[in-house]
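Structure, as structure tokens:
The values are calculated or read from the model by the stated rules, or taken from the named source; none is laboratory data. Model, not experiment: these values are computed from the prediction. Virtual Cβ from ideal backbone geometry, glycine too; neighbours counted across all protein chains shown.
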Amino acid sequence: MLALLAMTGAVLQGCGGNDNGNGNAAPSSSAPASASSSPGAPASESPSEEAVTLKVWGDLGNQAVLEEPFKKINAAFAAKYPNIKIEYDFAQNDQSLNVALQANELPDLFWVQGDKTSKMGEMVKNGFLLDLTPYNLDLSRYSDSEKAYCTIDGKIYCSLPSFFDTNVVYYNKDLYEQNGLKAPSTWDEFVQGLETLKAAGVTPITLAGKSEWDRAWPIFAFAPAFSNAALKAAQTGEGKLTDPSVAEMLQAFRDFVDKGYFGKDFLAQDYAAAQFAFTNSKAAAIIDGTWANSTYVESGMNLGRFSIPNKEGKKVVQSSYSNFMTYAISSKSAHPDQAIKYIEFLNSLEAQQILEDAVGLVPTIKDIVAKDEGVKELAVFDEAGVNVYSVLTALSTPESNAADILMKDVIPKLMTSAITGAEGAATLDKAAAYPAK
Amino acid sequence: MAWIKKRPYLWFILPGFALYSLFTVYPIFSAFQISLNRWDGIGPKTFVGLGNYAELFGNQELFSQLTGAFRHSGTLFLLNALAVLPAQLYMAYLLYSGIRGHRFFQAMIFAPQFIATPVIVFMGTLIFDGNIGVFNKLLEAVGLGEWTRPWLGLPELGIFIVWIMVAWSGIGVGMIFFLGAMKMIPTEMMEAALLEGASYWRRFFSIVLPQIKTTVLNMLILTYIFAMTMFDFSFILGGVSGGINRSVDVMALFFYRIAFGDNSAVGGSMNVNAMGMGTTIACVMFAVIFVVAVAQVVITYRRKEV
């Protein structure tokens with residue numbers, strides 16, 4: 001029965017697909033048309049008098065963190081533009097976005113990950129996103145790398161990032177002190193500390209083995225610490241992923257598994273259970289993103305944070321822009337002039353400060369005031385390194401996605417000790433399409 | 001025309017036949033037609049003949065996922081056929097023989113059927129979860145604290161956890177079917193057996209079971225179709241990837257993953273051929289079910305003729 005339903009669905013999509021195929025050229029040809037009409041009406045002019053409703057999709061995976069700030073952001077927007085009603089739903093994850101793309105039923109606005117993944121580029125290529133360049137957004141506050149995040153082939157497609165994401169080790173200061181430990185300054189000290197904790201019957205690091213992204217944060221943190229130079233070289237085509245430091249980095253993750261640093265049965269743990277184990281003092285640390293900071297602060301524990309040092313004691317951390325406020329407009333939106341107001345608002349200090357006050361991210365723009373001292377601790381490092389996912393995305397083609405192979409194939413196999421670090425590096429090397437030198 | 005006039009019943013068949021063709025037969029052939037193309041679901045299609053079938057069985061990663069999913073579906077079928085089905089028969093016979101409170105038990109055993117799958121899985125979570133589960137608390141209470149584990153999602157137990165929930169929720173359905181069939185047995189026959197002095201179990205094996213054989217065979221094929229098309233439990237427990245090591249993966253989930261989910265890690269050309277390969281898997285699933293169903297029908301009818 002289900003198969004039949006799915007088949008019917010497939011047939012229906014066949015019809016939709018054809019329409020889309022014919023209509024593919026339309027957005028690109030109609031975009032300049034709508035663009036030529038809107039700069040004629042300058043951006044400062046108030047939008048049309050009639051009330052319109054914009055459908056906006058928020059990040060379902062981070063609803064817990066984003067619900068409060070976006071409620072405030074949308075309220076502030078409503079006060080500014082009473083004629084524009086925002087219907088904000090935490091409805092978007094990879095799957096719902098894919099279904100919306102296949103059915104050509106995108107909401108007016110939805111969040112995108114810029115140049116961090118290949119997705120936005122693919123959507124632009126297929127004519128799904130509205131080119132924002134003709135609207136002459138005020139980008140004077142932003143640096144070139146922030147603009148590059150939103151740019152595909154010289155055109156801007158989303159609201160700009162204003163915060164910085166990285167991964168840190170959140171640790172329980174009480175448990176560390178009870179075992180005579182402090183935040184480590186070298187890799188070996190870090191590993192010895194884990195051994196001490198394990199001997200004391202505490203899970204050294206809790207890991208959400210069931211959650212595709214959360215179980216990958218150790219790899220995100222190890223990658224720049226072990227193999228920053230090698231990954232950079234691979235991205236430009238001057239090196240390869242078979243570089244021994246990449247294998248060593250993957251092997252370090254597997255060693256943690258084999259030595260039991262992630263605790264018993266971490267494979268069956270989801271993200272909530274891992275967080276619970278940490279805030280409940282059953283585990284001494286969790287490797288997570290800076291975006292989850294407020295969750296741990298609110299638990300009321302004696303919280304500390306450190307970046308993982310490499311063997312030489314240097315802290316090279318992965319760095320990428322936060323996609324919490326980067327939204328794009330669907331090319332099929334019926335109200336592009338109103339949607340652009342929302343983009344402008346997300347680009348404003350007012351909205352960014354609301355997010356900062358609620359979540360406590362590391363701002364990349366000087367006029368945003370950091371929430372508290374804890375936020376500063378998130379940014380203690382010596383060098384901003386690569387984001388392994390972005391590197392692999394750059395090495396991906398539509399035929400072979402090396403980034404997804406890391407997430408869905410290599411990491412699960414390392415977690416179950418099915419492959420070694422060297423085998424994992426070889427798999428990635430096979431999947432990667434290196435640029436010509 | 002004369003041919004139709006001689007067969008007026010054809011007019012009665014027509015509406016059903018038309019609807020059935022439109023909504024069942026046409027989609028099957030249409031899906032088969034898509035499966036002959038290389039298609040990502042959005043862009044243009046390219047005809048590749050049986051290339052998708054060759055890739056499904058030739059690509060090592062795809063084939064291992066196919067066999068893994070099929071093995072799990074098969075495991076579910078065998079467990080249901082060998083453990084649940086006899087239990088259903090036994091319970092139906094108990095109710096049939098009118099044990100005390102049989103109406104109450106009948107309603108209770110059938111009741112889980114009224115609960116939606118996500119709720120059943122949630123109830124399963126309340127029992128088996130590592131942190132809040134009752135089962136772990138029970139183990140601790142009887143002094144087996146070191147045995148506590150996060151039962152949901154342990155790769156080595158994956159499909160068996162799925163089976164426990166499936167069995168609990170579905171056990172009443174087969175039982176009702178069997179009970180209905182047992183009630184069709186002429187009472188004279190049972191009375192005669194009683195007078196002849198046949199024991200409780202003798203009556204079951206020599207009279208009841210042979211009388212309801214067709215129902216049992218039908219139930220067996222329904223169990224098979226269920227196992228091959230089951231999707232919801234695995235999807236809720238393991239997500240689109242089918243859990244760690246694909247430990248709860250089943251055929252329908254495999255189809256969904258390739259057609260609609262993230263499939264880029266499969267390797268090969270899956271990103272640009274999601275729909276083509278998805279429908280290919282759907283057609284293979286159809287064939288796997290169809291062959292067994294036909295075989296079962298043939299066997300049942302041959303027995304009647306003898």
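A few points about this structure:
- Residue under evaluation A:Gln251, criteria (1) more than 22 Å from the chain's Cα centre (by Cα); (2) surrounded by 15 or more Cβ atoms within 10 Å (Cβ to Cβ); (3) without any contact (Cβ under 8 Å) to a residue 60 or more places away in the chain; (4) in a helix (DSSP H, G or I), criterion not met: (3)
- Test: residue in segment A:274-283 that is in contact with a strand residue (DSSP E or B) (Cβ under 6 Å, 6 or more places away or on another chain), in a strand (DSSP E or B) and over 30 Å from A:Ile86 (Cα atoms): yes
- Residue match in segment B:193-202 (condition: hydrophobic (A, V, I, L, M, F, W, C), more than 9 Å from every other protein chain (Cβ to nearest Cβ), free of Cβ contacts under 8 Å to residues at least 60 places away in the same chain and in a loop (DSSP other than H, G, I, E, B)): yes
- Cβ-Cβ distances below 8 Å connect the following pairs, each with a first residue in segment B:12-39 that is within 9 Å of chain A (Cβ to nearest Cβ), a second residue that is outside any helix (DSSP H, G or I) and surrounded by 12 or more Cβ atoms within 10 Å (Cβ to Cβ), and a separation of six or more residues or different chains: B:Ile34/B:Lys45; B:Trp39/B:Lys45; B:Trp39/B:Thr46; B:Trp39/B:Asn273.
- Residue ID - modelled with the highest pLDDT, chosen from residues in segment B:260-277 that are at the interface with another protein chain (Cβ under 7 Å from one of its Cβ atoms) and within 19 Å of B:Phe47 (Cβ to Cβ): B:Met275
- Residue in segment B:227-235 that is among the charged types (D, E, K, R), within 26 Å of the chain's Cα centre (by Cα) and not in a loop (DSSP other than H, G, I, E, B) present: yes
- Only a single item in (1) surrounded by 11 or more Cβ atoms within 10 Å (Cβ to Cβ); (2) within 29 Å of A:Lys125 (Cα to Cα) is not met by B:Phe32, and it is number (2).
- Among the candidates B:Ala69, B:Ala87, B:Ala111, residue that is more than 30 Å from B:Gly276 (Cβ to Cβ) and at pLDDT 90 or above: B:Ala87
- Only residues that are away from chain A (no Cβ under 11 Å) and in a helix (DSSP H, G or I) were counted in segment B:236-257, giving 2.
- Taking helices (runs of 4 or more DSSP H) as the structural unit, those lying wholly within segment B:99-181 and holding at least 1 residues that are away from chain A (no Cβ under 14 Å) and in contact with a Ser or Thr (Cβ under 8 Å, 6 or more places away or on another chain) correspond to B:117-128, B:134-141.
- Matching residues, segment A:369-392, being crowded, with 16+ Cβ neighbours inside 10 Å and either closer than 18 Å to A:Phe222 by Cα or modelled with pLDDT of 85 or more (or both): A:Leu378, A:Ala379, A:Phe381, A:Ala384, A:Gly385, A:Val386, A:Asn387, A:Val388, A:Tyr389, A:Ser390, A:Val391, A:Leu392
- Top-ranked residue in segment A:259-290 [being more than 9 Å from chain B (Cβ to nearest Cβ) and of a type in the set (D, E, K, R); ranked as nearest to A:Ala199 (Cα to Cα)]: A:Lys259
- Residue identified as touching a Gly at 6+ places or on another chain (Cβ under 9 Å) and buried (at least 21 other Cβ atoms within 10 Å of the Cβ) among A:Thr151, A:Thr196, A:Thr166: A:Thr166
- Test for B:Leu56: is it part of a helix (DSSP H, G or I) and at pLDDT 90 or above: no
- Residue match in segment A:131-146 (condition: within 25 Å of A:Leu392 (Cβ to Cβ) and surrounded by 20 or more Cβ atoms within 10 Å (Cβ to Cβ)): no
- Taken over segment A:150-192, the criterion of being within 17 Å of A:Phe222 (Cα to Cα) and not in a strand (DSSP E or B) is satisfied by A:Thr166, A:Ala183, A:Pro184, A:Ser185, A:Thr186, A:Trp187, A:Asp188, A:Glu189, A:Phe190, A:Val191, A:Gln192.
- Among the criteria (1) part of a helix (DSSP H, G or I); (2) free of Cβ contacts under 8 Å to residues at least 40 places away in the same chain; (3) within 14 Å of chain A (Cβ to nearest Cβ), the one B:Ile207 does not fulfil is (3).
- Members of segment A:412-437 found to be more than 9 Å from chain B (Cβ to nearest Cβ), of a type in the set (A, V, I, L, M), in a helix (DSSP H, G or I) and crowded, with 20+ Cβ neighbours inside 10 Å, listed by number: A:Leu414, A:Ala425, A:Leu428
- Residue that is crowded, with 18+ Cβ neighbours inside 10 Å, outside any helix (DSSP H, G or I), touching a Phe, Trp or Tyr at 6+ places or on another chain (Cβ under 8 Å) and modelled with pLDDT under 95, where the choices are A:Phe222, A:Phe262: A:Phe262
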